[in-house]
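**Student:** Sharing a structure, written as structure tokens. Questions coming.
The values are calculated or read from the model by the stated rules, or taken from the named source; none is laboratory data. All of these numbers come straight from a predicted model, not from anything done at the bench. Methodologically, a virtual Cβ is constructed for each residue, glycine included, from the backbone with ideal geometry; neighbour enumeration extends over all protein chains shown. Side chains are part of the model used for accessible areas, which takes the heavy atoms of the whole protein and leaves out ligands, DNA and RNA. Shrake-Rupley method; radii C 1.70, N 1.55, O 1.52, S 1.80 Å.
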Amino acid sequence: MAINHPPKLANRVLKGFCKPQYLEDIQGDLEEEFYDRLDDAPKASHKLWYWWQILKLFRTGIIRRFRPIDSTQKEINMFKNYFKIGLRNLWRYKLGTFINVLGLSTGIAAFVLIALFIKDELKYDTHHEKADQIYRLTIKNLNSDGLLSRHWAFASAGHAERLKADYSEVKKAVRFMPWAFPDVVVEGKKFPSEQVVFTDPDVFDIFTFPFIQGDPGTAFSTDQSLVISESAAIKLFGNDWGQSDIIGRRVSIERDGMKAPFTVSGVMKDMPEHQHFHFEYLAPIRFIEQVFGESAMNNVTGNYNWLTYLLLQEGTDPESIESRKDEFFDKYVGKTSGGADAKDFYDFELQPLQSIHLESHLEGEIETNGSIDQVYIFGIVGILLLVVACINYMNLATSHFSRRMKEVGVRKVLGAMKSTLVKQFLTEAFLVNLIALPFAILFTELALPYLNDFMEKSIELNLLSELDIVGSLVILLVLVAIFSGSYPSIFLSRIELTRALKGEAAINSNKWNFRNWLVTFQYAVTIALIFSLTVIEGQLHFIQNTDPGYKKDQIVNVSLTRNINRLDALKNEMLNHPNIEKLTFASRIPTGRLADSWGAGFNYGDSTTTLNFRLPFIWVDEDFLETFEIDLIAGSNFTSDQDMLEDSVGYYLINETGARALGFNDPQEIIGKKLSYGAYNDQTLKAGRILGVTRDFHFESLHSTLTPMLMLKGDRMRVMSLQIRSEEVSETLAFMEETWNTFDPENPIDYEFLDDRFMDQYQAEMRLSTMIKVFTGIAILIGCLGLIGMVGFIIETKSKEIGIRKVLGASALNIATTIGNRFVLLIGIASIIAIPIAFYLISGWLDEFVYRTSISVLMVIIPTVLVLLITVASVGFQTIKASLVNPAEILKDE
């Protein structure tokens with residue numbers, strides 16, 4: 001039993017500090033007394049006695065002198081030796097070094113680029129001092145079944161003040177109201193369609209907006225104060241505005257004949273890029289309260305045009321506010337116009353400020369947000385590419401180190417310990433990574449402009465000013481060096497002395513080893529990326545070739561300005577050009593959002609039933625269907641003499657889905673039926689009848705399902721759409737611009753083609769596809785380098801076998817097949833692993849589309865076949881080259 005012997009650890013401690021000349025005598029005396037004590041009375045406490053005797057020996061005369069300086073110097077000298085040998089070997093095997101450096105630098109560069117992108121995405125809204133206490137108020141509309149109908153990024157005017165008054169957890173609240181782009185006039189100079197935003201005085205207490213001139217505390221001292229950004233100051237007052245105090249300067253804000261004088265009360269720094277909203281003009285909300293009136297300012301169930309943020313007390317759980325939404329709507333709304341409880345149809349949610357950019361994609365987002373899914377995808381791919389680069393080095397290093405088996409054997413004969421060999425090979429791995437890092441930084445710098453242009457970013461790699469990046473790169477260098485060098489160093493150091501002295505062939509005795517799994521992992525990553533790319537490209541092809549139900553080619557859309565008030569005259573002038581075939585005006589056009597909706601009731605005979613689903617609308621004219629070539633499948637189109645606003649009666653076209661939602665599978669049966677919509681309800685204005693039914697068309701993107709919708713006849717138009725010929729497009733656009741200037745000389749024409757706007761809906765998917773293409777290309781490049789290493793390793797270890805096979809009559813194809821068979825097996829295993837995982841992940845991405853392609857058998861086969869062809873090319877070239885060597889050269893030593 002262990003109790004009958006002195007503790008081994010205690011003897012080791014003694015050996016560590018005791019002078020060598022005393023060690024044997026002291027240890028012998030202690031052990032002798034220990035055994036004497038055991039003979040008298042065996043007890044476990046004797047071990048404690050032994051430890052106590054050891055500890056009492058810590059005194060002058062017994063403790064040996066330590067020489068840490070000598071030990072450190074020895075380690076330094078050894079490292080210098082490792083370093084010199086490493087450099088010599090890297091120089092000796094130049095091709096292998098080049099391939100290693102290329103593979104590692106490419107993988108590291110890809111990882112660094114992705115890391116910079118992710119860092120940039122995570123920076124949004126973090127600069128605000130109270131960012132962790134700020135939440136955005138969003139509003140949910142529910143249908144009669146309690147299911148979510150619409151989720152809005154904006155709230156009503158009355159939410160902020162009531163939440164602040166009723167909930168002690170709400171410390172402050174602020175609203176932003178972008179007011180229809182008025183003109184800003186300074187000393188007679190007009191700046192048209194500027195985004196003036198009206199907001200609450202608490203804005204400067206909630207958000208961090210540093211001032212250049214003025215005081216945030218008094219910036220909104222009057223109802224007609226105006227705080228402008230630095231860019232706006234340059235625009236209004238010139239580049240030298242900062243040389244004088246512009247506080248108190250007069251600015252006129254004008255819209256629809258109304259003029260209001262404002263006074264500059266502050267100049268703030270431009271809102272940073274990493275913020276989910278950007279404004280240049282801020283004015284007190286008290287000014288427009290007079291314009292909108294008390295009823296509109298108290299509304300909490302509609303008019304979602306107020307971007308609302310709450311500053312909560314520290315430590316507040318937002319769910320404590322969300323859980324009391326029923327009492328809020330009971331208090332301020334009660335019943336809807338249909339007699340139902342408002343709390344059953346309305347809800348609100350608080351979004352953390354710092355999560356908005358990546359996690360929010362609601363109706364009416366003030367700016368385009370990023371995607372947390374994209375961050376996760378890129379992050380995973382970046383890590384995989386770095387791991388693949390390390391694995392590539394492992395394969396190549398193992399291949400090249402195999403030439404040094406006899407060196408390892410000789411070192412062991414001369415007394416080299418395993419740890420010494422590990423340090424030697426890890427030093428060489430560190431040297432390769434040290435050489436690769438500057439190239440990786442160079443590749444990153446070269447690729448950054450393309451990444452910024454493609455992702456619409458301004459990412460920089462500032463090594464001199466951002467020490468965190470330098471520190472991260474140093475840590476990355478060390479980790480990659482340890483990870484990539486660990487397997488080759490441990491593998492070679494563990495080779496037995498007799499096997500090492502035999503040479504290279506001995507290390508390949510196992511047919512299946514860890515290197516096979518490394519290559520399998522490389523194959524799996526490459527196959528998964530190719531499969532994902534195939535599915536993404538398939539979905540984009542599906543989008544481009546799916547008929548949206550309207551014409552999207554050769555349609556030009558022009559945004560209307562307030563100065564355009566003679567629509568008929570503008571239409572006639574435009575249609576005078578022979579290349580402009582059709583023209584229509586509308587409030588919204590396909591590829592937009594169905595954001596406008598009124599309450600609706602349908603007459604099923606004797607009574608009108610309130611609809612339990614949302615029925616959005618757009619304003620159009622009589623040429624809308626013809627211009628967009630939307631089919632009318634029942635009833636009649638609008639006529640030029642119909643106008644809901646002038647006639648005070650409703651005129652409606654409805655789509656197929658809307659007709660079915662109202663219970664009419666046959667479109668003809670709904671023609672002439674009475675529909676109450678908004679104010680057209682036979683009380684305020686006269687209810688209208690459905691004139692026609694259109695074939696369904698995808699007004700919104702394929703991410704959204706087809707919804708019921710109405711088209712109303714009126715003149716509340718925002719967009720002019722023209723169908724033009726494909727010939728002489730530049731000349732046609734020049735005519736449009738010239739004609740436009742005669743109707744609005746102040747504002748330049750702003751046009752875009754509908755097919756471009758159509759594809760803009762899928763910008764995120766196209767970017768993802770392009771990035772996956774780049775990542776796949778990098779994975780294939782690194783994978784091919786790994787294959788070169790693996791095949792080179794096999795050929796080196798099987799050189800004599802290849803020579804013997806040649807002597808016995810084997811052809812180059814036979815030899816290539818013998819060596820390549822194992823890779824076919826590895827590809828098969830990699831496919832079995834990679835395809836199901838990639839299928840699961842990419843299916844989640846496809847689920848974001850209501851209308852999507854199906855994953856076919858061909859999509860599953862293509863990645864495996866492509867990887868197989870790349871492998872055949874890589875393996876075949878080296879194998880055939882090896883098989884053409886004269887067998888006598890290989891076997892001359894035998």
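**Student:** Can you tell me which residue in the stretch 565-600 is farthest from the chain's Cα centre (by Cα), limited to those that are at pLDDT below 85 and surrounded by fewer than 20 Cβ atoms within 10 Å (Cβ to Cβ)?
**Tutor:** Among residues in the stretch 565-600 that are at pLDDT below 85 and surrounded by fewer than 20 Cβ atoms within 10 Å (Cβ to Cβ), the one farthest from the chain's Cα centre (by Cα) is Asn565.
**Student:** When Asp347 is evaluated against the numbered criteria (1) at pLDDT below 90; (2) of a type outside the set (A, V, I, L, M); (3) under 30 Å from Leu846 (Cα atoms), which criterion, by number, is the only one it fails?
**Tutor:** Going through the list (1) at pLDDT below 90; (2) of a type outside the set (A, V, I, L, M); (3) under 30 Å from Leu846 (Cα atoms), Asp347 breaks only (1).
**Student:** Just to be sure before I move on: is Leu712 in contact with a helix residue (DSSP H, G or I) (Cβ under 8 Å, 6 or more places away or on another chain), farther than 30 Å from Leu540 by Cβ and touching a residue at least 60 places away in the same chain (Cβ under 8 Å) in the structure I sent?
**Tutor:** Values: in contact with a helix residue (DSSP H, G or I) (Cβ under 8 Å, 6 or more places away or on another chain): yes; farther than 30 Å from Leu540 by Cβ: yes; touching a residue at least 60 places away in the same chain (Cβ under 8 Å): yes.
It is true that Leu712 is in contact with a helix residue (DSSP H, G or I) (Cβ under 8 Å, 6 or more places away or on another chain), farther than 30 Å from Leu540 by Cβ and touching a residue at least 60 places away in the same chain (Cβ under 8 Å).
**Student:** Sticking with this structure for a sec: Could you check how many residues of the stretch 677-691 are among the β-branched types (Val, Ile, Thr) and either modelled with pLDDT of 90 or more or part of a strand (DSSP E or B) (or both)?
**Tutor:** Qualifying residue count, the stretch 677-691: 1.
**Student:** What's the number of the condition Gly370 fails, among (1) of a type outside the set (Ser, Thr, Tyr); (2) more than 13 Å from the chain's Cα centre (by Cα); (3) not in a helix (DSSP H, G or I)?
**Tutor:** Failing condition for Gly370: (2).
**Student:** Just a yes or no: is a residue in the stretch 171-185 of a type in the set (Phe, Trp, Tyr) and in contact with a Ser or Thr (Cβ under 6 Å, 6 or more places away or on another chain)?
**Tutor:** Of all residues in the stretch 171-185, those of a type in the set (Phe, Trp, Tyr) come to 176, 179, 181.
Right, trim to in contact with a Ser or Thr (Cβ under 6 Å, 6 or more places away or on another chain) and you get 176, 181.
Yes, the stretch 171-185 contains a residue that is of a type in the set (Phe, Trp, Tyr) and in contact with a Ser or Thr (Cβ under 6 Å, 6 or more places away or on another chain).
**Student:** Moving to a separate point now. Might you check whether a residue that is within 24 Å of Gln723 (Cα to Cα) and part of a helix (DSSP H, G or I) occurs anywhere in the stretch 627-641?
**Tutor:** Yes, the stretch 627-641 contains a residue that is within 24 Å of Gln723 (Cα to Cα) and part of a helix (DSSP H, G or I).
**Student:** Among the residues of the stretch 654-676, is any surrounded by fewer than 21 Cβ atoms within 10 Å (Cβ to Cβ), in a loop (DSSP other than H, G, I, E, B) and on the phi > 0 side of the Ramachandran plot?
**Tutor:** yes
**Student:** Of everything in the stretch 102-149, what is buried (at least 16 other Cβ atoms within 10 Å of the Cβ), farther than 30 Å from Gly382 by Cα, modelled with pLDDT of 90 or more and touching a Ser or Thr at 6+ places or on another chain (Cβ under 6 Å)? Give them in sequence order.
**Tutor:** Result: Leu137, single match.
**Student:** Can you pull out every residue in the stretch 510-569 that is within 30 Å of Ile827 (Cβ to Cβ) and among the acidic types (Asp, Glu)?
**Tutor:** Filtering the stretch 510-569 down to residues within 30 Å of Ile827 (Cβ to Cβ) leaves 510-542.
The answer is Glu537, and nothing else.
**Student:** Next up: Say we look at the stretch 717-746 and pick out the residues that are without any contact (Cβ under 8 Å) to a residue 40 or more places away in the chain, within 40 Å of the chain's Cα centre (by Cα) and under 17 Å from Leu570 (Cβ atoms); which of these is least open to solvent (accessible area, probe 1.4 Å)?
**Tutor:** Only one residue tops the list, namely Ala734.
**Student:** Let me ask another. What number of residues in the stretch 238-253 are surrounded by 15 or more Cβ atoms within 10 Å (Cβ to Cβ) and in contact with a strand residue (DSSP E or B) (Cβ under 7 Å, 6 or more places away or on another chain)?
**Tutor:** Residues flagged as surrounded by 15 or more Cβ atoms within 10 Å (Cβ to Cβ) and in contact with a strand residue (DSSP E or B) (Cβ under 7 Å, 6 or more places away or on another chain) within the stretch 238-253 amount to 5.
**Student:** Out of all the residues in the stretch 838-874, which are closer than 18 Å to Thr817 by Cβ and either open to solvent by 80 Å² or more (accessible area, probe 1.4 Å) or at pLDDT below 75 (or both)?
**Tutor:** Leu869, Val872
**Student:** If you go through the stretch 18-60 one residue at a time, how many are farther than 17 Å from Pro7 by Cα, modelled with pLDDT under 80 and open to solvent by less than 100 Å² (accessible area, probe 1.4 Å)?
**Tutor:** Qualifying residue count for the region: 1.
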